[in-house]
Structures are given as C-alpha cells and as structure tokens.
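Have a look at the structure below before the remarks.
A short reminder: the numbers here are calculations on the coordinates, not readings from a lab. Not measured: the values here are computed from a predicted model. When we count neighbours, we look across all protein chains shown, and the Cβ atoms used for this are built from the backbone with ideal geometry, even at glycine.
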Amino acid sequence: MKTTIELDDTKLESIMASMGFKTRKEAIDWALTEGERLAVMHHIKANPWSSAMLEDAIDPTYDVMSARRAVRSGKESL
C-alpha cells in the first residue's frame, strides 16, 4: 500500500547504514516488523499465563518419550 508520511531522515539513514539496508522500503518494513515483535512481547509480559492456562497447554496423554522414539525409528505418526 502506498502511503505518504513524514519520516525522520536522520533516523532512517542511521537504520539503513547500521543494518545494511539498500532501500528505504527495506528499512521501514524491518522497523514495522520489529515494532510488531515488541508489541507482542509487551503483551505477553503484561498478560502472563496463569497456572490454569499452563495446565491446559499440553495434552495430559502426550508422551514425549514415545514421540522421540517414533521420530528416531522413522514412524512420525504423532
């Protein structure tokens, strides 16, 4: 999507130089990806899992040793 925005050229040039980006588009896409990653990390930090959520995170019938044996024998029907 094309958008016209005002950018801080000094910051943009600094990012391009330090990260080795050849185009402004690469630098801006990277910055948006990093911003999204940081937003997810902040959300996770602000909303930690409760012990009840952790209990439901793994199927109680899951057997990690059986899964490892199946992978080693080539029978990956997990």
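Observations, loosely collected:
- Taken over region 11-46, the criterion of being surrounded by 14 or more Cβ atoms within 10 Å (Cβ to Cβ), in a helix (DSSP H, G or I) and not acidic (D, E) is satisfied by L12, I15, M16, R24, A27, I28, W30, A31.
- Residue in region 56-63 that is free of Cβ contacts under 8 Å to residues at least 12 places away in the same chain and not in a loop (DSSP other than H, G, I, E, B) present: no
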